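The values are calculated or read from the model by the stated rules, or taken from the named source; none is laboratory data. Predicted model only: the values in this text are computed from it and were never measured. With ideal geometry, Cβ positions are generated from the backbone for all residues, glycine too; neighbour counts draw on all protein chains shown.
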Amino acid sequence: MSSRRLLPLLVPLMIVSMILAACSAPAAPAPTAEPAAGTDTSGGDSAAASGDTSWWSEAAAPYAGVTLRGVSESTPASRYVEEVLAPMFTEATGINVEFEVTSWDEMYQKAIQDMEANTGIYDFVYIEQDIIYTYLGRDFLTNLTQLMADNENLASPDFDVNNFTSFIDNFKDPETGDLYGVPMEAFIKINLYRTDLFDDPDIQAAFEAEYGYPLSVATTHEQYRDNAEFFTAYGEENDMDLWGTTVQGHTGHPSATYEFVESIAPTYGVYNWGVNLDTWKACVDNGGEMNSDTAKEALNFWLDMLNYAPPEATSSTWDEVAASFAAGRAAQGWVYGENATWIATDTDRSAVVGNVGVARSPLSDGVLEEAESGEGYIGYYDGGAFGVPHSSRNKEAALLWLEFIGQESVQADWAVAGSRIVMNSTFDDPKVQEADVATNGYYTMLKDDGPLYRGAPPFPFHNTLRESMDPFFWQALAGELTAEEALDQACAAAEAAMVQLGYGE
Amino acid sequence: MTSTSFRKNLGLIATYALWIILTVITLLPIYWLFAISARSRVELFDVGNFIQTTFYAPNYLEPLTDPVFQRYLINSLIVATSNALLVSVLAVLATYALSRWKLAGSNNIFFWLITNRMAPPAAFALPMFLLFTRVFRIGQWTMFDTRIGLILVYCVFNLPFAVWLMKGIMDGIPIELDEAARVDGANRWTVLVRVILPLTAPGLAITFILSWIFAWNEYLFAASLTSVNARTITTGLAGYISVTGTEWGQMAAVAMIATLPALIFLIFIQRYIVMGLTFGAVKE
Amino acid sequence: MDSNRTGWGLLAPTLIILGVMGLLPFLYVLYISFFDWNVFSASGQMEWAGVNNFRRLVFDSAFLGSLGRTLLFTLLAVTSELILGFLLASTLLRDFPGKIVFRTIHALPLVIAPIAVGATWRLLTIPGFGLAPYYLDRWFDIDYNIGRYAEQAFFTTLAMDIWHWTPFVTLTMLAGLTAMPKEPQEQARVDGANRWQVLRFLTIPMMMPVIVTTVFIRMMDALRIVDEVFMLTGGGPGNATRYVGIYIWRVVFPQTDYGYGSAMSLLVLYFTIVLAWLLFVALAQVGNQQSSS
């Protein structure tokens, strides 16, 4: 009987769903039929900023109506591209841009799958600095220098490789100097500290009374430790949610490994993750440095910092570290520079506006000299570029798009929106200067100290190597392994992974 | 007499106590999700505030007014509904066949159908991607990033479940009913529509609902087989985990929005769930 | 046999869709499991590896550990859900005011997307703005931090799964109990059997098909859990919650070790099928017993 009563309910439901299903029919056969449906192109008021509009429409004439598709990580700089630059480009050229902005994991998965399988889904992909050697090793990318030479009518007068900072060298073939990617974001991982705490006379007095020397931003690891210990105790005494440092220590996410190999180990003088780039060996016994005594000292220091970090440190990726600092929960910490501007200026998202200072990481003796001589480096210069996959079917139109975002005229607003600078001239822009003041000199530091920082080592197997090391860092952070055990096991696993890939046999 | 009524009352009180505790446990995480979704970034770390008195609307307004997000919602709606519909129809046909005909190897076929739900999905994303981009293509058109593609892929885990659910129910309908109708001159099709369908309606409803929910909630294939046009709401959710501080508030808001349609669906239909979920295993 | 042709005709669409969307990818996975195929290998090529991938598996202690944890997780989760679900369903058999409301609320978690469940529980458990660590510390002085303590993380994933899926078990049990004929139980009570005996010798045997089917479904899904746990812990701390689904995800995507990942996937599929087959046989036997008695 009850089934009878159900029918009247079920029938309308099915009708509704059939209608909905029918709606799907027209869109499905022509996936590109709704150009840039997501972006509001009606505004378009900033199109004037895009330089010589007539050149663009002329050069792009053969490609008008083409739809370019790209994939990128969901960063502020990428979102600016999606929301502002893509509609501007479409207006100037008639070329549509479909931009998939997604999570970091997914971005890699999809770009690599596409290029490996040669499917040609994407016409431009985000290339993070650390993956470039991997892509070059597999010939995944289109040679842009070559492409411009082959299509002289497509070489924009507003695009000049020499406008860029030295960061662009990361995206050149080391041997030929040919360009494979147009930088779209770049930043260094720096130390942020709370100026309101470090400048407070009472706090300064209390610190000196306890440690016997004046409080200042740390230049050595010992001093950093003292600062961290002091502010953790200070937070506890005053019943504040304040700890001494951040640690990017998520026990199930690659970001933990990155913080150690990029930002901690180099400050002790252990470079290239401790991997010997000539022999592809990592353990001391085989000529590597990953488990050297210095590396172990560095890991011990970093693990010790967990004692002075807020409890969410072991659940923190790069996201949450910035969030913790912005919430005022840490007195000092290692934070990616792309976060500097919003932490220092955005009152909607940050509780420490106006109280943010920037500094170099604490360093061991001799590291700065090695960095200055070019032998070593003091931290991580990160960022990314857009490149054209070898499998793209719209390489010429994609080239126009990359040149478009590589114009000097679009850089300043973009820089402020994403804390990213890829051209020398951008530093002098009034908007950037303003942001520089707000962050107590982040942009000046990026400009002056930039050469002391460096991108990831040239591994042609970046992700696989890091994945092989991850579990040991996670276990160390969870207290299941000591620093010594973790590094001994990590270097062995790294060597096994490299051999499996055919390196260092 | 009084002692039995006392015991009865005691039982009732115990039942209530149990269900009240249970309700609190069930609702607590959902409440907290809501509370977070109503907070701005600076309020997030204010854990001590259990009662949410403020409401930070931008968390909801930003995604809801974003055309990209709206498209995600519509895609999810279309994909889930079409898939559930397709799965229900196919499951009825398939189980009718399995239950009323003596087909060679039908037990093995049944088991094979079910094994489709068992594989860990990650390793299958690559073959699916290759199929979608290279094999299923007509000229320029590929199945990658289309809703029709997702609708078909979701059959892989929904059809086994639906066939299973419907098989028991189908078997539970006495074959004598078919025969009586056939004696009256009805053909197979009429028997299915007039006799069988009404009797399986509760089971069919639950098949539809659960398929809909599974399809609405799927993430991995939606993430790897779509790019721009056919993205669904669950992939939108993952997009809020970004480098510059996960937008927890917005993410919670999106989770709330994503859950709401399913929730309304559930409330609307929940009394039929119990009728339909028997797998035909207990026969009256 | 024209009639049989109609039967196959009705079955055909299902077989075709599952053949194309299910069997074809399976065959492809089978094929590449015999190759060394890592996007980042020195050669960059697919190379025939014979059964090397499977041989690697047997000695991969990290993977086997992950498999073991997954089995433990599945066992604990499914058992708890079964017991809880049965208990709750039996309290729902009689009418009491508000029953429908309770039942509806109870079913809520069922409709939340796994990825949203993971996000919800992360918000609940993350130190700093989660409820759980805050109040556990305040009221019970417990240092609850699933980013740090392996056991806590394991049991939190368990609690999350129980929270998410017990409603499903409750509903199937309720459906079974409701559909069950009442006379035998009433007769038994009249004959002097106590509650426990009725439950032990009548209700549970009669419910066996429902119970086995429910276990089957829950087991299948618990063994391949990914989304929720990935959102909650990422598989950490260390290896504590890196269940096979996540393990394979890591091998296939960030490590791009397609061949090895395929081999793992097949092994897990094989395990699941064996377990499922055992249950399937048990189900058939229970069915036979019932129809013969």
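Can you tell me which residue is nearest to B:Ala91 (Cα to Cα) among those in the stretch B:115-150 that are of a type in the set (Val, Ile, Thr) and either surrounded by fewer than 23 Cβ atoms within 10 Å (Cβ to Cβ) or at the interface with chain C (Cβ under 10 Å from one of its Cβ atoms) (or both)? Talk me through it step by step, then tell me what you get.
Filtering the stretch B:115-150 for residues of a type in the set (Val, Ile, Thr) gives B:115, B:133, B:135, B:138, B:142, B:146, B:148.
Applying the additional criterion that residues be either surrounded by fewer than 23 Cβ atoms within 10 Å (Cβ to Cβ) or at the interface with chain C (Cβ under 10 Å from one of its Cβ atoms) (or both) yields B:115, B:133, B:135, B:138, B:142, B:148.
Details: B:Thr115: 16, B:Thr133: 28, B:Val135: 26, B:Ile138: 28, B:Thr142: 27, B:Ile148: 19 Å.
By that ranking, first place goes to B:Thr115.
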I'd like to check which helices (runs of 4 or more DSSP H) are fully inside the stretch A:379-492 and have at least 2 residues that are in contact with a Pro (Cβ under 7 Å, 6 or more places away or on another chain). A:411-418, A:462-477
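Table: residues versus (1) in contact (Cβ under 8 Å) with a residue 40 or more places away in the chain; (2) of a type in the set (Phe, Trp, Tyr); (3) touching a helix residue (DSSP H, G or I) at 6+ places or on another chain (Cβ under 7 Å).
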{"site": "A:Trp334", "(1), (2), (3)": "yes, yes, yes"}
{"site": "A:Ile343", "(1), (2), (3)": "yes, no, yes"}
{"site": "A:Asp346", "(1), (2), (3)": "no, no, no"}
{"site": "A:Ala359", "(1), (2), (3)": "yes, no, no"}
{"site": "A:Gly366", "(1), (2), (3)": "yes, no, no"}
{"site": "A:Pro389", "(1), (2), (3)": "yes, no, yes"}
{"site": "A:Arg393", "(1), (2), (3)": "yes, no, no"}
{"site": "A:Ala397", "(1), (2), (3)": "yes, no, yes"}
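With the structure loaded, tell me whether A:Tyr224 is closer than 20 Å to A:Ala340 by Cβ and either in contact (Cβ under 8 Å) with a residue 40 or more places away in the chain or acidic (Asp, Glu) (or both) or whether it fails that test.
Details: closer than 20 Å to A:Ala340 by Cβ: yes; either in contact (Cβ under 8 Å) with a residue 40 or more places away in the chain or acidic (Asp, Glu) (or both): yes.
Yes.
Could you tell me whether the stretch A:385-392 includes any residue that is at pLDDT 90 or above and within 27 Å of A:Asn191 (Cβ to Cβ)? Walk me through it before giving the result.
Of the residues in the stretch A:385-392, the ones at pLDDT 90 or above are A:385-392.
Checking the rest, the ones that are also within 27 Å of A:Asn191 (Cβ to Cβ) come to A:385.
Yes; the residues of the stretch A:385-392 include at least one that is at pLDDT 90 or above and within 27 Å of A:Asn191 (Cβ to Cβ).
Among the residues of the stretch C:251-282, how many are within 30 Å of B:Trp248 (Cα to Cα) and modelled with pLDDT of 90 or more? Lay out the reasoning, then the answer.
Start the filter on the stretch C:251-282 by keeping residues that are within 30 Å of B:Trp248 (Cα to Cα), which leaves C:251-256.
Next cut, modelled with pLDDT of 90 or more only: C:251.
So the answer is 1.
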Matching residues in the stretch A:320-352 - criterion: being more than 7 Å from chain B (Cβ to nearest Cβ), among the small types (Gly, Ala, Ser) and surrounded by fewer than 24 Cβ atoms within 10 Å (Cβ to Cβ): A:Gly328
Are there any pairs with C-beta distances below 8 angstrom linking a residue in the stretch A:96-111 that is over 18 Å from A:Trp401 (Cα atoms) to a residue that is modelled with pLDDT under 85 and in a strand (DSSP E or B), with the two at least 6 apart or on different chains, and if so which? A:Lys110/A:Thr102
Meets criteria (crowded, with 20+ Cβ neighbours inside 10 Å, in a helix (DSSP H, G or I) and out of contact with any strand residue (DSSP E or B) (no Cβ under 6 Å at 6 or more places or on another chain)) for C:Ile273: no
May I ask you to verify whether A:Asp169 is under 23 Å from the mean Cα position of the chain (by Cα), among the charged types (D, E, K, R), under 24 Å from A:Leu446 (Cα atoms) and surrounded by fewer than 19 Cβ atoms within 10 Å (Cβ to Cβ)? yes
Determine whether C:Ile32 is within 30 Å of B:Asn187 (Cα to Cα), touching a helix residue (DSSP H, G or I) at 6+ places or on another chain (Cβ under 9 Å) and not basic (Lys, Arg). no
Taking only the stretch A:310-361 into account, find how many residues are at positive phi and out of contact with any strand residue (DSSP E or B) (no Cβ under 9 Å at 6 or more places or on another chain). 1
Segments classed as helices (runs of 4 or more DSSP H), wholly inside the stretch C:79-188, with at least 2 members that are in contact (Cβ under 8 Å) with a residue 40 or more places away in the chain: C:99-107, C:114-125, C:150-179
From the list A:Ala398, A:Ala415, A:Ala371, A:Ala385, exactly one residue is more than 22 Å from the chain's Cα centre (by Cα) and crowded, with 21+ Cβ neighbours inside 10 Å. Which is it? A:Ala398
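Taking helices (runs of 4 or more DSSP H) that do not extend beyond the stretch B:172-248, which have at least 1 residues that are more than 10 Å from chain C (Cβ to nearest Cβ) and under 30 Å from C:Arg218 (Cβ atoms)? Step through it out loud before you land on a result.
Details: elements: B:175-183, B:197-217, B:220-225, B:233-238.
Fully inside the stretch B:172-248 and qualifying: B:197-217, B:220-225, B:233-238.
Name the single residue that is farthest from B:Gln250 (Cα to Cα) among those in the stretch C:99-121 being within 14 Å of chain A (Cβ to nearest Cβ) and at pLDDT below 90.
Restricting to residues being within 14 Å of chain A (Cβ to nearest Cβ) and at pLDDT below 90, the top hit is C:Ile115.
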Which of the residues belonging to the stretch B:56-112 are more than 30 Å from B:Asp178 (Cα to Cα) and facing chain C (nearest Cβ under 10 Å)? B:Ser76
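For the stretch B:146-172, what are the residues that are among the β-branched types (Val, Ile, Thr) and at pLDDT 85 or above? Quick ask: steps written out before the conclusion?
At the first step, the residues of the stretch B:146-172 found to be among the β-branched types (Val, Ile, Thr) are B:146, B:148, B:151, B:153, B:156, B:163, B:169.
If the condition is that a residue be among the β-branched types (Val, Ile, Thr) and at pLDDT 85 or above, then B:Thr146, B:Ile148, B:Ile151, B:Val153, B:Val156, B:Val163 are the ones that fit.
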Name the residue that is surrounded by the fewest Cβ atoms within 10 Å (Cβ to Cβ), counting only residues in the stretch C:70-105 that are over 30 Å from C:Leu267 (Cα atoms) and of a type in the set (Phe, Trp, Tyr). C:Phe96
So, C:Ala153, is that one modelled with pLDDT under 90, closer than 30 Å to B:Ala258 by Cα and surrounded by 22 or more Cβ atoms within 10 Å (Cβ to Cβ) or not? no
Residue count, the stretch B:174-228 (criterion: within 30 Å of A:Gly70 (Cα to Cα) and of a type in the set (A, V, I, L, M)): 6
Can you tell me which of (1) within 11 Å of another protein chain (Cβ to nearest Cβ); (2) at pLDDT 85 or above; (3) on the phi > 0 side of the Ramachandran plot is the one A:Ala36 doesn't meet? (2)
Any residue at all in the stretch A:77-98 that is out of contact with any Phe, Trp or Tyr (no Cβ under 6 Å at 6 or more places or on another chain), in a helix (DSSP H, G or I), within 14 Å of chain B (Cβ to nearest Cβ) and within 26 Å of C:Trp37 (Cβ to Cβ)? no
